[in-house]
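Got a structure for you, questions after.
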Amino acid sequence: MSLPDLFLPDLSLPDPLIRIADSWSVALQQRARRNAMVALTACTQRRAEREDVEAFLAARAEARRTESVSLHA
């Protein structure tokens, strides 16, 4: 044992504590990934709905323009 070793505390953690900390961090990361996937799915669904509504309104506007032109012709 060298002189510096005499003054350093033993910082090693017991195995069960290390396993608990490791499993906690893994579980936390998995939960974060799951939350991100759920959020992305919700955003994708909203974007698809907006695109559907936009296409519907564009088609209605075009139909009204066509009606208006045929009535005035």
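The values are calculated or read from the model by the stated rules, or taken from the named source; none is laboratory data. Everything numeric in this text was worked out from a predicted model, so none of it was measured. Reconstructed Cβ throughout: ideal geometry from the backbone, glycine too, with neighbour counts over all protein chains shown.
State all residues of the range 54-73 that are surrounded by 10 or more Cβ atoms within 10 Å (Cβ to Cβ) and aliphatic (A, V, I, L, M); if no residue qualifies, say none.
Looking only at the range 54-73, we keep the residues that are surrounded by 10 or more Cβ atoms within 10 Å (Cβ to Cβ), and these are 54-68.
Of everything in the range 54-73, those that are surrounded by 10 or more Cβ atoms within 10 Å (Cβ to Cβ) and aliphatic (A, V, I, L, M) turn out to be Ala55, Leu57, Ala58, Ala59, Ala61, Ala63.
Which ones in the range 1-44 are modelled with pLDDT of 90 or more and charged (D, E, K, R)?
Of everything in the range 1-44, those that are modelled with pLDDT of 90 or more and charged (D, E, K, R) turn out to be Arg31, Arg33, Arg34.
Please specify each residue of the range 10-69 satisfying the condition of being polar (S, T, N, Q) and part of a helix (DSSP H, G or I).
Within the range 10-69, Ser23, Ser25, Gln29, Gln30, Asn35, Thr41, Thr44, Gln45, Thr66, Ser68 qualify.
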